[in-house]
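Following: one structure in structure tokens, then a few remarks.
The values are calculated or read from the model by the stated rules, or taken from the named source; none is laboratory data. Here the structure is a predicted model, which is why all the values come from computation and not from measurement. Methodologically, a virtual Cβ is constructed for each residue, glycine included, from the backbone with ideal geometry; neighbour enumeration extends over all protein chains shown.
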Amino acid sequence: MSLKQLKTNQLKMIERGSSSELESSIHNVSDPIFIIDANVYRLYQSSFTFINEANFPCWISPAGETTKNFKSLEKCLNYFLKHNVTRNTHLFVIGGGATSDFGGLVAHLILRGISWSVIPTTLLAMVDASIGGKVAISNRSGKNLIGSFHMPQTVYINPTYLETLPEAEISSGKGEIIKYAFLSKKIYDLVINNANMSEIIFECASLKKAIIEADPFETKNSRIQLNLGHTIGHAIEKAYSIHHGTAVSLGIWILHNIFPYQNFATDYQKICTAIGMSNEPDYSFIKFKRLKKYLEIDKKRDSKESINIVSIDEIGKFQTKNINLCDLETKLQELL
């Protein structure tokens, strides 16, 4: 398979990395350890025999978002500490976005920080979640409220993992592709012209990589664009327990029905039609009262009264708005 490499001091991303390439990279690490999502391990166990044969420490993580809690975090940390990890230990995390969120936080906390790499196995993780160094767990108050920044050394993208991915997970990843198509005219053109999915994945990941390198800790105005659809999307995700990317696409739709730009509906329909998503999403099940408490604890609030949101002016052009939380809630209540 062909390889494309992007190298920086913080991130090297390899597209379509085969198992042999991954094994070669692992063997170049003096002290590797592993976190693998339980579902991925079950489906691809034969691909991981070299881990067992070498007796590398391997934590099989509860599947998906169920792993992102204090109990799992403590168990995983204790497991690796019992295996005498050192500052030279390198953690490989294999799974979807929830697993990389969790695994990156583990790497950040062990011995005050060890290096780590991620092998994303879902479409959502390939285009977005595994890139950027935001690592976290969730709790009853909300999603990803307990975490930090810890950049992965390497991201290996191998689209063959998508062959066993459930349709709901594919749709979730497409929700983030919708976001990137609004943020980038290049990605928009690739999507509506039905480019190969591997090319779309690579361009989405490359855009996020460029954005986070310019603003790694979200202290400037650049990285905030990645929050498009997330203010409302995270509230929907938490209130209704639906997939992250699906919630983000709903968040984009709802936000731009409140703050529309001239061609939004047409652009949204073109993007969704091209990637096989509904171009008129059903949000009739969403009730404002269920969203309200999650909006009030959103990480992008800058005061008790206001919140920062990201909206699109036209394809490839975004703006941030600081709006009164009560005003946003009023508009949502009118729409929903």
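If I filter the range 282-292 for residues that are within 23 Å of the chain's Cα centre (by Cα) and modelled with pLDDT under 85, do I get at least one hit? For the range 282-292, residues within 23 Å of the chain's Cα centre (by Cα) and modelled with pLDDT under 85: absent.
I'd like the residue in the range 93-111 that is part of a helix (DSSP H, G or I) and aliphatic (A, V, I, L, M) and, out of all such residues, is surrounded by the fewest Cβ atoms within 10 Å (Cβ to Cβ).
Here is the first cut: in the range 93-111, the ones part of a helix (DSSP H, G or I) are 97-111.
Cutting the leftovers down to aliphatic (A, V, I, L, M) gives us 98, 105-107, 109-111.
Details: ALA98: 26, LEU105: 24, VAL106: 25, ALA107: 28, LEU109: 17, ILE110: 20, LEU111: 13.
That would be LEU111.
Out of GLN269, GLN319, GLN262, report the one residue that is within 30 Å of PRO166 (Cβ to Cβ) and at pLDDT 90 or above. If you could, list the steps in order and put the result at the bottom.
Numbers: GLN319 fails: within 30 Å of PRO166 (Cβ to Cβ); GLN262 fails: within 30 Å of PRO166 (Cβ to Cβ).
Within the list GLN269, GLN319, GLN262, the selection yields GLN269.
Only residues that are part of a loop (DSSP other than H, G, I, E, B) and buried (at least 21 other Cβ atoms within 10 Å of the Cβ): list them for the range 75-92, please.
THR89
With respect to ALA136, is the statement that it is farther than 20 Å from VAL29 by Cα, touching a helix residue (DSSP H, G or I) at 6+ places or on another chain (Cβ under 6 Å) and assigned to a helix (DSSP H, G or I) true? For ALA136, the condition - farther than 20 Å from VAL29 by Cα, touching a helix residue (DSSP H, G or I) at 6+ places or on another chain (Cβ under 6 Å) and assigned to a helix (DSSP H, G or I) - is not met.
For the range 223-244, the condition of being part of a loop (DSSP other than H, G, I, E, B) and crowded, with 22+ Cβ neighbours inside 10 Å holds for at least one residue. ASN144 passes every criterion in (1) under 14 Å from ILE36 (Cα atoms); (2) touching a strand residue (DSSP E or B) at 6+ places or on another chain (Cβ under 7 Å) apart from (1). Residue pairs whose Cβ atoms lie under 7 Å apart, sitting 6 or more positions apart in sequence or on different chains, and linking a residue in the range 84-97 that is closer than 23 Å to LYS134 by Cβ and among the small types (Gly, Ala, Ser) to a partner that is at pLDDT 95 or above and assigned to a strand (DSSP E or B), are GLY95/ILE36; GLY95/ASP37; GLY95/SER61; GLY96/ASP37.
Scan the range 257-272 residue by residue and report those that are in contact (Cβ under 8 Å) with a residue 60 or more places away in the chain and part of a helix (DSSP H, G or I). Walk me through it before giving the result.
If we filter the range 257-272 for residues that are in contact (Cβ under 8 Å) with a residue 60 or more places away in the chain, which is where we start, we get 257-259, 267-268, 270-272.
ASN257, ILE258, ASP267, TYR268, LYS270, ILE271, CYS272, listed by residue number.
Of all residue pairs spaced 6 or more apart or on separate chains, those with beta-carbon atoms under 6 Å, a first member in the range 38-50 that is within 14 Å of THR121 (Cα to Cα) and in the same structural domain as GLY97 (by TED's automatic domain parsing) and a second member that is of a type in the set (S, T, N, Q) and assigned to a helix (DSSP H, G or I) are LEU43/THR164; SER47/SER19.
One residue is enough: does the range 160-172 have a residue meeting the conditions touching a strand residue (DSSP E or B) at 6+ places or on another chain (Cβ under 8 Å), modelled with pLDDT under 95 and in a helix (DSSP H, G or I)?
Yes, some residue in the range 160-172 is touching a strand residue (DSSP E or B) at 6+ places or on another chain (Cβ under 8 Å), modelled with pLDDT under 95 and in a helix (DSSP H, G or I).
So how many residues does the range 85-128 have that are among the polar types (S, T, N, Q) and out of contact with any Asp or Glu (no Cβ under 8 Å at 6 or more places or on another chain)? Talk me through it step by step, then tell me what you get.
Of all residues in the range 85-128, those among the polar types (S, T, N, Q) come to 86, 88-89, 99-100, 115, 117, 121-122.
In the following step, the residues that additionally are out of contact with any Asp or Glu (no Cβ under 8 Å at 6 or more places or on another chain) were identified as 100, 115, 117.
Qualifying residue count, the range 85-128: 3.
Condition check ((1) within 17 Å of TYR188 (Cα to Cα); (2) out of contact with any strand residue (DSSP E or B) (no Cβ under 7 Å at 6 or more places or on another chain); (3) not basic (Lys, Arg)) across all residues:
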{"site": "ARG223", "(1), (2), (3)": "no, yes, no"}
{"site": "SER249", "(1), (2), (3)": "yes, yes, yes"}
{"site": "LEU255", "(1), (2), (3)": "no, no, yes"}
{"site": "PHE259", "(1), (2), (3)": "no, no, yes"}
{"site": "GLY276", "(1), (2), (3)": "yes, yes, yes"}
{"site": "PHE288", "(1), (2), (3)": "no, yes, yes"}
{"site": "LYS304", "(1), (2), (3)": "no, yes, no"}
{"site": "ASN308", "(1), (2), (3)": "no, no, yes"}
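Residues considered: ILE137, ILE177, ILE187, ILE146. Of these, the only one that is surrounded by fewer than 19 Cβ atoms within 10 Å (Cβ to Cβ) and not acidic (Asp, Glu) is ILE146.
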